[in-house]
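Enquirer: The following block contains the structure, expressed as C-alpha cells.
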Amino acid sequence: MAQSPLLFTPGPLTTRLETRRAMLEDWGSREPAFIAMTAELRRRLLDVAGGHGSHVAIPIQGSGTFIVEAAIGTLVKPDDALLVLANGAYGERMIEIARRLDRKVEALRWPEDQAVDPAAVERALADNPALTHVALVHCETTSGLLNPLAAIAAVVARQRRAFMVDAMSSFGALPLDLRQTPITAVLASSNKCLEGVPGIAFAVIEKNAIEFAKGVAPSLSLDLYDQWRGFESNGQWRFTPPAQVVAALVEALRGLEAEGGPAARLERYRNNFRTLADGMARLGFRLFLDARVQAPIIATFRSPEDARFRFDDLYARLAARGFIIYPGKLTRAQSFRIGCIGALQPEDLRRLVVAIGQTMAERGLLVASEPDTAHHCSG
Ligand SMILES: *Cc1c(COP(=O)(O)O)cnc(C)c1O
C-alpha cells in the first residue's frame, strides 16, 4: 500500500496511525460496547471544553457545517434575532444558514485581515435590544485569523445575550475553558485540531439553553434537542451512527490527553507554524496576516507577484512529492494556505518548505532571499 500523503490542510488532515487503526472493527449501534464508546466521547468532549456540570456534549453525524446549521436552527427561535460577527467565509456561512432557516439575522463585518472589535459588538448590542444571540468564528480558517474570544464573550455576557462560537478550527488546541469564559454553545468537528477522521460534528451546549429548545428546530435530523434527549434516554444515537468515526474520535481524544491536552498540542502547532513561517520567509513568501492576529493553525501566504506563478502547478508538484497544501479562500488577495494542524511535527513542515523551494526552483520562480526574520503568532 502506498504511504498516505501528508496533509497540510485544515481537515480532513493527517491523522495518527492509531486513530485510523481504531476503525478496524464493526459495531452494532445498540451494543453496550458502542454505547460506552459514545458515552466516553461525550465525556471527553466536555473534558476538553471544561464544561462538566454546566454544559452537555451533543454529537451529530456530518461535517462541521451540519452542527452550525443544527445549532442555529435549534437555539435561535423564530422570534429571536442573531448577530453574526463576520470577518471571513465561515462568518458569512452562518449568515447564510440563518437566512435559509428563516431566522432574523444581522451582521457586523470586518475586513478579512482584521479581528472582531469587542467595543463595536458592545455598542451594537446596547443599541439593538431585539438581538438575542451573537455568533462568532473563533479562528477564521479563511485567513487563519484569531478573534478575541474571551473579550467578546465578556461583552456578550454583560449584555445578557446568548453566545454561539464556531470553534471548528480551534477546539482542542487554542485555549477555551467554559469555567472561565461564558459561552452558550461551542461548535466543532472531529477532523480539525482533535485530529480525528471526518464524519462527526458536535456542540457543547449550556444545559439550560438546550433544555428550553424543545420543538424549535425546523429540521428533524438537525434537531439538537431531540438528539440530546436520545443520548440521555438510552445512550444511543437517534439515527445510524458513524460507528467507525466515533471509534477513531475516541482514540484521537485519548491521544490528545496523552499528548498533554490542548496546551501541549498548541505548543506543537506553534512550533509547526514557526518552522513554516520562518522557512517560507527565507524563500521570499509573505504571510497575509499581521502576527498580532495570526493563529498558529493555518497560514495564508500571498501568491508571488511573478505572473508565471500558478497555484495549481505548485499544488501538483508538491502532491507528486506526497505533500498536500490548500488553495486560498480570500475574497481579495491572491493567496494559498498551509495548515499546521494534524499529526504533523516541525520536521514535516521543514521538509515541506524544502519541497516548496525545489518546486519553485524547477519553475525558475525562486523568490529573492529575504533576511531571516523570525515569525511569531498570537494564541
Ligand atoms: C472547517 C470549518 C467549518 C466547517 O466546514 P465543513 O467543511 O462543513 O466541515 C466551519 N467553520 C470553520 C471556522 C471551519 O474551519
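Enquirer: Out of the residues in the stretch 110-133 meeting the condition of being within 16 Å of the ligand (Cβ to nearest atom) and out of contact with any Ser or Thr (no Cβ under 8 Å at 6 or more places or on another chain), tell me which one is farthest from I341 (Cα to Cα).
Expert: W110
Enquirer: Separate question: Could you please let me know if A291 is small (G, A, S), without any contact (Cβ under 8 Å) to a residue 12 or more places away in the chain and surrounded by fewer than 20 Cβ atoms within 10 Å (Cβ to Cβ)? Step through it out loud before you land on a result.
Expert: Values: small (G, A, S): yes; without any contact (Cβ under 8 Å) to a residue 12 or more places away in the chain: no; surrounded by fewer than 20 Cβ atoms within 10 Å (Cβ to Cβ): yes.
Judged against the criteria, A291 is not a match.
Enquirer: Could you give me the residue pairs with C-beta distances under 8 Å whose first residue belongs to the stretch 6-24 and is more than 16 Å from the ligand (Cβ to nearest atom), whose second residue is assigned to a loop (DSSP other than H, G, I, E, B) and polar (S, T, N, Q) wherever it lies, and which are 6+ apart or on separate chains?
Expert: From the stretch 6-24, the pairs are L6/T14.
Enquirer: Same structure again: Looking at (1) assigned to a helix (DSSP H, G or I); (2) within 16 Å of the ligand (Cβ to nearest atom), which one does L41 not meet, given that it meets all the others?
Expert: (2)
Enquirer: Looking only at the stretch 80-99, how many residues end up being without any contact (Cβ under 8 Å) to a residue 24 or more places away in the chain and under 29 Å from G230 (Cβ atoms)? Give the derivation first.
Expert: Of the stretch 80-99, the ones without any contact (Cβ under 8 Å) to a residue 24 or more places away in the chain are 92, 95-96, 99.
This time we only want the ones that are under 29 Å from G230 (Cβ atoms), so: 96, 99.
Summing the residues that are without any contact (Cβ under 8 Å) to a residue 24 or more places away in the chain and under 29 Å from G230 (Cβ atoms) in the stretch 80-99 gives 2.
Enquirer: Quickly run through the stretch 134-166 and pick out the residues that are within 13 Å of the ligand (Cβ to nearest atom), free of Cβ contacts under 8 Å to residues at least 60 places away in the same chain and under 18 Å from S54 (Cα atoms).
Expert: Of the residues in the stretch 134-166, the ones within 13 Å of the ligand (Cβ to nearest atom) are 135-147, 149, 164-166.
Of the ones still in play, those that are also free of Cβ contacts under 8 Å to residues at least 60 places away in the same chain are 136-138, 140, 149, 165.
Residue satisfying the conditions is V165 alone.
Enquirer: Still on this structure, please answer the following. Looking at the stretch 48-163, what helices (runs of 4 or more DSSP H) fall wholly within it and have at least 2 residues that are more than 28 Å from D223 (Cβ to Cβ)?
Expert: Numbers: elements: 64-75, 89-100, 118-127, 149-158.
Answer list for the stretch 48-163: 118-127, 149-158.
Enquirer: Another question, then. Condition first: under 20 Å from the mean Cα position of the chain (by Cα) and in a loop (DSSP other than H, G, I, E, B). Can you find one or more residues in the stretch 205-221 that meet it?
Expert: No, the conditions are met nowhere in the stretch 205-221.
Enquirer: What are the residues in the stretch 50-81 that are away from the ligand (no atom under 16 Å from the Cβ) and closer than 20 Å to R161 by Cα, if any?
Expert: To start, the set of residues in the stretch 50-81 that are away from the ligand (no atom under 16 Å from the Cβ) comprises 50-58, 74-81.
The answer is G51, S54, H55, V56, T74, L75, V76, K77, P78, D79, D80, A81.
Enquirer: Sticking with this one: Could you please give the count of residues in the stretch 260-307 that are under 27 Å from D117 (Cβ atoms) and among the acidic types (D, E)? Working first, answer last.
Expert: Residues of the stretch 260-307 under 27 Å from D117 (Cβ atoms): 262, 266, 269-270, 273, 277, 286-302.
Within this subset, residues satisfying the condition of being among the acidic types (D, E) are 290.
Summing the residues that are under 27 Å from D117 (Cβ atoms) and among the acidic types (D, E) in the stretch 260-307 gives 1.
The numbers here are math on the coordinates, done by the rules we state, and not lab data. Treat the numbers as computed from the prediction; the structure is a model and nothing was measured. Neighbour counts are summed over all protein chains in view; Cβ atoms, including those assigned to glycine, are modelled from backbone coordinates with ideal geometry.
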